1. How many residues are buried (at least 19 other Cβ atoms within 10 Å of the Cβ), part of a loop (DSSP other than H, G, I, E, B) and in contact with a strand residue (DSSP E or B) (Cβ under 7 Å, 6 or more places away or on another chain) if we restrict to segment 182-220?
2. Testing Lys248 on (1) open to solvent by 30 Å² or more (accessible area, probe 1.4 Å); (2) within 28 Å of Tyr102 (Cβ to Cβ), one condition comes back false. Which one is that?
3. Write out, first by first residue and then by second, each pair whose Cβ atoms fall under 8 Å of each other, whose residues are 6+ apart or on separate chains, and whose first residue, in segment 10-32, is modelled with pLDDT of 85 or more while the second is open to solvent by 70 Å² or more (accessible area, probe 1.4 Å) and assigned to a helix (DSSP H, G or I).
4. Is it true that Leu104 is among the hydrophobic types (A, V, I, L, M, F, W, C), modelled with pLDDT under 95 and open to solvent by 20 Å² or more (accessible area, probe 1.4 Å)?
5. Hey, can you tell me all the residues within segment 51-76 that are modelled with pLDDT of 95 or more and surrounded by 12 or more Cβ atoms within 10 Å (Cβ to Cβ)?
6. If Ile318 passes every condition in (1) open to solvent by less than 20 Å² (accessible area, probe 1.4 Å); (2) more than 20 Å from the chain's Cα centre (by Cα); (3) closer than 30 Å to Ala74 by Cα; (4) of a type in the set (Val, Ile, Thr) but one, which one does it miss?
7. Which of the residues spanning segment 143-178 are free of Cβ contacts under 8 Å to residues at least 40 places away in the same chain, under 24 Å from Met265 (Cα atoms) and in a helix (DSSP H, G or I)?
8. Name every residue in segment 184-211 that is in contact with an Asp or Glu (Cβ under 8 Å, 6 or more places away or on another chain), farther than 17 Å from Trp239 by Cα and either at pLDDT 95 or above or among the β-branched types (Val, Ile, Thr) (or both), in order of residue number.
Amino acid sequence: MRLLIAYHGGLNDFSKGKYFHLKEFSNALQKFGVECKLVNDVEYARGFPSKKLSDWFIGKKQFKNLIDEFSPDAVLIDGPGHFGSATIDAKIPLFILVRGNYWLEYDSAKETLHNDKKNKTVIWLRHRVLEKCVRNATMVLPICRYLENFVKERYTNQKTSVFFEGINSSYWYNDDSMELRHPCVGLLQDANVWYKAEEMLVLNSVIPKMPNVNFYWAGDGPYKDRILSELSKFENFKWLGRLQYPEKVRKFLSSVDAYALVSGMDNAPLTLKEAQILEKPVVASNVGGIPEMMIDGKTGFLVDKGDAQGWIEKLSKILNDKDLTVNMGKHGKEFIQDTFNWDTYAKKFIDILDSNLVK
């Protein structure tokens, strides 16, 4: 069996993590006899709408050459886009890995960054491509149960299967060489979607109540300045920018005393898994698919949206109790290794292919 995997987003530090994990998935599949080819989708399929005018006239020649050369039995895409649309037109079975809530992000973008007529038209056209891909895919693979329920409500006739992403623990070893002031809490998240990033402002009521704790934020995005305009006023808060993946991310997570994910909405954040496999206690917002990626009270704590006092209490509990920190770290590593194993999900995906492809 031949599987073409199309990765979305290039190889910048923002999206390299997703490529990194798709490569691990590809390696796992090949161990079980699936011939895989992993490509960057924008190298083969671009078109209107796009920020680059030249993309509008690319056409499908490169995509067609790729298909003719590799002759895949199926295509897996890392999010809907032009590559998925071209796959549907070519009548090749399409499987979509749905990482984010594109529909909420679409609504958020219209109301914030893209609120002029021109940009609203562009994101509307992009949304049409998304709808074409999701409605015509052989199967949609949301990365958590929360997201699957959302997809099922919108596309009642579409076949879905939850696809938790695996993680290779060999890459995540202790490397606490980053010079940070302790005790410290690490935040590793981008500010690309406002309804997610806005929750970070709850720290306005947390950081000043914990003056002896240092908060480090690693991340970037179009809403970064809105966050920094509020939080940079605190001496015990520092912004580190976006970190190189995976080396600098590993150093950062190894060096912090606790990991915090302060988000208004998330699905299956990789950093939450990575922090736990590095035996860090985690505190995270109780939203979306986050509760599926940790065990509340055992590998860390969940805090309800907007609950500043909850953040203060849970972080203080972790930072002031060494035994609790060690136990949570131990259970976190065990949970991630047992639950998010690539071989397990490779076998599951092969079963999905076998049951959905015409013999």
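The values are calculated or read from the model by the stated rules, or taken from the named source; none is laboratory data. Everything quoted here is computed from the prediction, not taken from an experiment. Cβ placement follows ideal geometry from the backbone for every residue including glycine, while neighbour counts extend to all protein chains displayed. SASA here: full protein model, heavy atoms, side chains in, ligands and nucleic acids out. Shrake-Rupley method; radii C 1.70, N 1.55, O 1.52, S 1.80 Å.
1. The number of residues fulfilling the criteria is 3.
2. Answer for Lys248: the failing condition is (2).
3. Phe32/Lys347
4. yes
5. Leu66, Ile67, Phe70, Pro72, Asp73, Ala74, Val75, Leu76, listed by residue number.
6. Status for Ile318: all satisfied but (3).
7. Glu148, Asn149, Lys152, Glu153
8. Val193
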